[in-house]
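I have placed the structure first, in the form of structure tokens, so that the comments after it can refer back to it.
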Amino acid sequence: MKLRVVVLGAGFGGLELASILSAKIGDQLDLILIDKNDSFFFGFSKFDVMFGKKTPEAVRLPYSSIDKPGVRFRQENVLTIDPVSKRVITDKEHYEADVLVIALGANYDVTATPGLREGGNEFYSFDGVLALREVLPAFAGGKVVVGVCAIPFKCPPAPSECALLMHDFITERGLRERSEITLVMPFGVPIPPSPSTSKALIAAFKERNIKFIPEAVVRSIDPARRIAILDEGQELPFDLFLGIPKHVAPDVVLQSGMTMNGWIPVDPVNLKTKFPGVYAAGDVTSVGTPKAGVFAEGSARMIAASILAEYFQGEMPAPYKGDGSCYIEFGGGRVGRVDVDFFSGPKPVGTYVEASAAMVKDKEEFGTVRAARWFCR
Ligand SMILES: Cc1cc2nc3c(=O)[nH]c(=O)nc-3n(C[C@H](O)[C@H](O)[C@H](O)COP(=O)(O)OP(=O)(O)OC[C@H]3O[C@@H](n4cnc5c(N)ncnc54)[C@H](O)[C@@H]3O)c2cc1C
């Protein structure tokens with residue numbers, strides 16, 4: 001009998017898990033990988049598309065090219081999850097699993113921020129990015145506000161990256177002199193676990209005259225007055241608002257009865273949920289690491305090790321460390337990196353690797369290595 005694994009979501013977490021299990025036990029595996037979309041996009045490719053550096057087609061990785069022993073991809077919409085029986089119903093099929101893995105990521109609730117849809121833009125969804133591809137070239141300069149609307153949010157460096165890349169975008173068009181850029185962030189510093197990375201980002205903001213407003217979120221937008229309203233009622237006028245909308249677990253997850261405070265709680269040691277044989281990976285969990293691809297991938301590696309240990313009745317793997325490295329766009333053709341470890345010590349520790357032109361290649365390689373690992377045999 002083959003091991004029946006059903007993986008919901010073919011993002012960073014789902015793709016990494018399917019790849020590892022295929023490589024280790026492909027001939028003993030019957031893994032169904034389900035996603036409603038037909039393609040994967042790296043989160044960071046949204047900046048390339050939004051700022052017109054690449055076409056959407058150039059950054060698309062179609063799931064139809066997945067070629068992995070023991071893995072079958074299904075483009076279907078997951079409608080119900082029963083974590084007790086490990087049964088899943090999609091718009092096309094029913095599935096039963098020996099092991100069920102929920103890796104459905106985080107969605108956005110734009111309506112949670114009054115006025116955002118009518119008066120602002122968001123750059124976190126692919127649709128938002130496609131809309132900005134039209135909006136940005138028409139921007140004639142003025143006040144730009146990059147603002148986080150709620151926590152938690154994916155990829156904590158992304159708002160800082162957006163502000164720095166926006167600086168480049170308007171500088172290249174000769175609009176910087178008549179523009180202002182303000183970044184609104186809920187944390188005291190841009191990357192709380194890494195003082196050195198935060199220091200480098202704050203220095204980069206200063207050099208470029210980007211105003212950093214810490215410990216605040218954008219509660220609402222007044223579309224008529226073109227004003228962003230922060231938690232204390234502070235008003236920020238804007239000509240262009242680039243928002244990070246409130247994140248929520250997908251409806252099917254919220255309806256499954258698996259969530260607590262909006263996300264799936266898991267044992268941080270091994271990513272098991274309280275339901276036997278059911279794991280959760282990545283952004284859909286409340287494991288305690290940031291919502292980022294590298295952590296989703298790390299959690300999937302832990303789940304794969306745990307599934308394999310149980311399958312072979314071997315020793316359980318060492319506890320999940322919650323570590324990962326995130327590349328950070330500093331603009332000006334330079335990329336930095338922060339290496340963070342959340343669970344090994346008493347508190348999270350982050351190290352900064354200085355931004356350089358050379359690191360641009362490392363980041364590109366990060367993408368090409370994963371595309372090869374996740375899609376090719
Ligand atoms: C602008 C931006 C920049 C980023 N930059 C980085 C970066 O540089 N490094 C980094 O590590 N992370 C980055 N991220 C974050 C990263 O993209 C996410 O954290 C990561 O994709 C999470 O992986 P995941 O597997 O948990 O979920 P996802 O990758 O989001 O995958 C979840 C999948 O589930 C599918 N799904 C959801 N609901 C259903 C349903 N009902 N039925 C079927 N399928 C469904 C979705 O289609 C999706 O493909 C960035 C994000 C953004 C927005």
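The values are calculated or read from the model by the stated rules, or taken from the named source; none is laboratory data. The structure presented is a predicted model; accordingly, all values stated were derived computationally and were not measured. When we count neighbours, we look across all protein chains shown, and the Cβ atoms used for this are built from the backbone with ideal geometry, even at glycine.
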Residue count, the range 272-284, condition over 20 Å from LEU308 (Cβ atoms) and either under 21 Å from the mean Cα position of the chain (by Cα) or crowded, with 24+ Cβ neighbours inside 10 Å (or both), comes to 2
Confirm whether VAL88 is out of contact with any Phe, Trp or Tyr (no Cβ under 6 Å at 6 or more places or on another chain) and within 14 Å of the ligand (Cβ to nearest atom). no
Requiring at least 1 residues that are in contact with a Lys or Arg (Cβ under 6 Å, 6 or more places away or on another chain) and crowded, with 18+ Cβ neighbours inside 10 Å, the strands (runs of 3 or more DSSP E) wholly within the range 58-113 are 99-102
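Would you call GLY293 closer than 28 Å to ALA23 by Cα and either modelled with pLDDT under 95 or away from the ligand (no atom under 12 Å from the Cβ) (or both)? Full working, then the answer.
Details: closer than 28 Å to ALA23 by Cα: yes; either modelled with pLDDT under 95 or away from the ligand (no atom under 12 Å from the Cβ) (or both): no.
The answer is no for GLY293.
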Conditions (1) within 22 Å of GLU315 (Cβ to Cβ); (2) among the β-branched types (Val, Ile, Thr); (3) buried (at least 18 other Cβ atoms within 10 Å of the Cβ): number failed by VAL269: (3)
Pick from ILE202, ILE227, ILE170: which is buried (at least 21 other Cβ atoms within 10 Å of the Cβ) and over 19 Å from the mean Cα position of the chain (by Cα)? ILE170
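If you check TYR124 against the conditions, is it closer than 25 Å to VAL59 by Cβ, assigned to a strand (DSSP E or B) and in contact (Cβ under 8 Å) with a residue 12 or more places away in the chain? Let's see the steps before the verdict.
On the way: closer than 25 Å to VAL59 by Cβ: yes; assigned to a strand (DSSP E or B): no; in contact (Cβ under 8 Å) with a residue 12 or more places away in the chain: yes.
Judged against the criteria, TYR124 is not a match.
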Among the residues of the range 207-216, is any free of Cβ contacts under 8 Å to residues at least 60 places away in the same chain and in a helix (DSSP H, G or I)? yes
Out of the residues in the range 17-55 that are of a type in the set (S, T, N, Q) and part of a helix (DSSP H, G or I), which is surrounded by the fewest Cβ atoms within 10 Å (Cβ to Cβ)? GLN28
